[in-house]
Each structure stands twice: as structure tokens, then as C-alpha cells.
Amino acid sequence: MDNKAHLWRAWWKEQVEPKIPVLHSLQMRLALGYSALIAALLILMNTYPLLMSQNLMFRSQQTALANQAVVITNALTTADQLTPAGVEQSLSQVEDLNVQRILITDEAGLVLYDSQENGVAGKYALTGEVVAALRGNDAFSSAYQDGLFSSRGAWPVMNRNRVVGAVCLYETDGDQGALLGELQRNLRLISVVVCLAVLALFGAFSTFLSRRVRTLLGGIRTVREGEYTHRISMSGHDELAQLAEEFNQLTGRLQVNEEERRRFVSDASHELKTPLASIRLMTDSILQDASIDRETTREFVADISDAADRLIHISQELLELDRLDQGRDLDRRAIDLNEQAEQIGRMLAPLAESAQVTMTLTLGEGCLVRCNDKDAGQILKNLMENAIKYNVLHGQVDVTTRRVGDKVTLSVTDTGVGIPEADMPRIFERFYRVDKARSRAAGGTGLGLSIVRDAVKRHGGEITVQAGQPAGTIFTVILPAWTGEGETT
């Protein structure tokens, strides 16, 4: 039934939860990014090879025309002045001329010879190339249009270092244009195929990625609603799979924290309810029984005072735990653990005497720790007080400090009844007691060791517990030693 309800809630969230706008979705952003990249690559693929091929063909045309021009100009350089008859006679002696059109001018630009029928012989040809040639420079231009390469070049005819005319050659090449057109069509076909393949791969990848992201979002929404038992199952070893694993660990921690919170509230309520119920019962007895004698009233009032003291003690320890949780008063300076131990020892001497427990301090040298007075006092007081309260008659408590390298070790050993091995992993939990009846009788709240653990941890130390030999318990605290006045916290 619970599983069906969970599936129904998951389906309802999937249908009702506000969806991410398409334009703002990760899938759309990936699509736009990949589309821009593909477009840039396709443009480059369809322009760069064509431009390179065009330039290559232009250079080929220029070389071919230049070779033809050398042959013609060599034939014309023997004359001091070019004439139509002389030009025709010179060209008749030249073989293997493979040029579409030959145009020859004199030094003034007058056309002396034009191989094209109905040409411009007898007219002036003052094109840019001819003018450049008459000035003694080679000139060449080429263009590609409508599948044809059109080339035109002009070269000066020199005689005794003087320009006596110009040779202008024209050529069109449809075969090379057809090859370039075929290359362009092939590139377009390849571009279409590549585009379709990339779009298909991108569609599959983006769908896969979006599904995994939606799975994560669904898990986050479920946990946000308080379902801390929810876990995400995601295959693979990529970043999203690692993120899902981190999410599961986080929700596991949240689940533990929620369980601890509920247990803490329940235990705190129970601890507070007991003395409050006692106070209410005794006050009702005093108020409702008019014949109660003075001595009984005094006993009730004394019990009420004890219950109030217990409430105050619980409140103080709860406030202390809150201070440690919030990280307040985290000032660190050089604290002499030996002085603190002696001070706490003097304060607990009456309690040890009344319990007939002998307390011995064995203090080493140089036991300065990086801590503060309040936390150091809490650590020592709770450990030493517990060692006295939960000891046996005529028992022994040994408090030892010693410096080892950059650490200071504090050991509190008692000869009491000890702690069962099964309970040792839980004794630092809040409100946890090994023997609840005895702990409550001794005034314990189950918070002392939690305070010790939190105080030790926030100063970078560690605490361990082990059974004593032949009986009792040994608590060991290791704190960072103070190594110099210049230390920073």
C-alpha cells in the first residue's frame, strides 16, 4: 500500500510540478550551442576548400598564360616598332599556341592584332591590364562565375629595355569550373549527411542527459517534501552518476539527522516531562490537602526544588549543546590543562569524598592545549564527574595528562562497573544511558558525554573509550598542543 502511494505521489509530481520553460531548459541550451557549433563547422567546410581550390586554379591559369606570353613576347622583341604585318609574321612562326584569344597592341595601346573574329584591331585597348603592361608591369586577373573560370593577363613587349607594345591573353576554362562545381555539390551532400548524423547523435545524447537530470530533479523534489528514505538509482560512472551517489549519501545523512532530531525531541520532552510531572504532582498535593502538616510540606517543597534543579541542569546542558552546534565562542588560546584539572579536582572533591572515591591527578609537563577555558572545563568536569558518580564504593579515579609531540593526551580512568561493549558505540549519543535508572538517580541527563565529544571535535581533537582492567572504564582525549604565541585560529 505504501509503495502504491509513493508511486502515485511520484506520478502526480511528474504531471503537476511546474515544468522548466523550453527556452530555459538544459536540452534547449545544448541544442542551441551544438547548432551554432555545427553551423560554424559546416560554413567553414563549404567555404575554405572551395576558396583554396579557386586560388589553386587561378594560379594554374596564371602560370599557363604567363608561359604562353613568354613565347609570344620573345617572338616580338626583335622589332624596334610593332606593326600589324610584323606581328602577324612573328606569330606565324610560333607553334603550339593554346590560348582562346590573343590581343597585341603597340606602345600607345593601339590594337595591332586580335585573334578573335570581329575583334577590336585598329582600336585602342586601354584596359587595366594593358595599361599596366605598357608601363612595364605584368598584370593578371581571374574570376569564377556560372561554372566558368575567366582569366586575363597582359605582359609588356620589351626591346632594348624599352616598352614597344603589350601582349594580352584571354582564357576561359569550363572543365575546371565543372570540377569545382562537382566539388561544391559533394561538399554540400557531405554537409547534409554530417548534419543529419550529428543531429541524430545529439538528439540521443541530449535525451539521455535530460532524462538523467530530470531523475535528479525528481529525487530532489521528493526529498524536499520530506521523503528522506528516497534514493536515486543511476547507472554509469560519469559525473551525473557520481552526483546521484553524493545525493544518496546526502539524503542518507539527512535521514539520520531527521531520526536523531526526532529522537532528541522525544528524549528531551521525556526528560523535561518527568521533573515537571513531579512538580505538578507535589504542588497539587500541597494545594488540595488542607490538612497536610508542615514537615510534609517542607519535604514536598524540597522535592520540588530538586526537580527544579534538574530542569535547570537539563536546560543548561541543552544550551551548551546548542552553543557547540552553532560554533559560538570558538576562541582558541593557550590553556593549561593541568591547571584546569586541578581546579575541577578541587571543585569535585566534596562529591568524591561523599561517594568514598579516591581521586588522583598525575599531571605531565608542558600540557598547554589549543582550546578555551569553557570547553576545556566542560571536558574535564563531565569526564571526572562521571568517573566519580558511576564508580563503586571505595573506588579509584585516576586523571593523567602528558605531552606527546604536538598533542596533549588526557586520560580519565575509573574502577567502576564499566560500560558493556555493546553500548560503547552509542554512549556519545544525546540522551543515551547505559543504565537509565542509575543514571537518573545520579542526576545524569545523558548529555554530558555528547557535550564532551562535540567540544573535543570542534577543537580538532578526538576522544575514545575502552574497558579498564580488570574493571572500570578509560576515557582518552587527545587535543592539539599549543605550539607558540603566534598561532592563528
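A few remarks follow.
- Ranked order, Thr63, Thr400 - accessible area, probe 1.4 Å, largest first: Thr63, Thr400
- Prolate/oblate/rounded label for region 271-310 (Cα gyration tensor, a/c 1.5): oblate
- Value of Rg to Rh for region 126-166 (Rh from inverse mean 1/r over Cα pairs, i.e. Kirkwood): 1.14
- Solvent-accessible area of Ile312, all protein chains in place: 90 Å² (probe radius 1.4 Å, heavy atoms, ligands and nucleic acids excluded).
- For region 148-176, backbone nitrogen atoms closer than 17 Å to the point 7 Å from Asn137 Cα along Cα-to-C-beta are found at 152-157, 163, 166-168.
- Computed from the Cβ-Cβ distance with R0 of 51 Å, the FRET efficiency linking Glu339 to Ser235 stands at 0.30.
- Between Asp406 and Arg426, the FRET efficiency estimated from the beta carbon spacing at R0 = 41 angstrom works out to 0.85.
- Each Lys or Arg adds one and each Asp or Glu takes one away; over the other residues whose Cβ falls under 15 Å from the Cβ of Ala178, this sums to -3.
- Once the Cβ-Cβ distance of Glu227 and Thr283 is raised to the sixth power relative to R0 = 56 Å, the FRET efficiency obtained is 0.80.
- Full-stretch length increase - Leu393, Ser92 - with 0.36 nm per residue and alpha-carbon distance subtracted: 94.4 nm
- In region 57-126, trypsin sites (Lys or Arg not before Pro) in a DSSP loop with at most 16 other beta-carbon atoms within 10 Å: Lys123
- Sequence of Met45, Met57 when ordered by accessible area, the most exposed leading, probe 1.4 angstrom: Met45, Met57
- Additional length obtainable on full extension of the chain from Val194 to Ala39, 0.36 nm per residue less Cα span: 54.7 nm
- Dimensionless Rg over Rh [region 21-166; C-alpha; Kirkwood]: 1.32
- Ranked order, Asp106, Asp398, Asp309 - accessible area, probe 1.4 Å, largest first: Asp309, Asp398, Asp106
- Additional length obtainable on full extension of the chain from Ser305 to Arg101, 0.36 nm per residue less Cα span: 60.8 nm
- Region 149-189 residues near the modelled Thr83 label - backbone nitrogen below 17 Å, point 7 Å along Cα→Cβ: 164-165
The values are calculated or read from the model by the stated rules, or taken from the named source; none is laboratory data. Given the structure is predicted, the values throughout are model-derived calculations rather than measurements. Heads up, the Cβs are rebuilt from the backbone with ideal geometry, glycines too, and the neighbour counts pull from every protein chain shown. Keep in mind that these areas ignore ligands, DNA and RNA; they rest on the heavy atoms of the full protein, side chains included. Shrake-Rupley method; radii C 1.70, N 1.55, O 1.52, S 1.80 Å.
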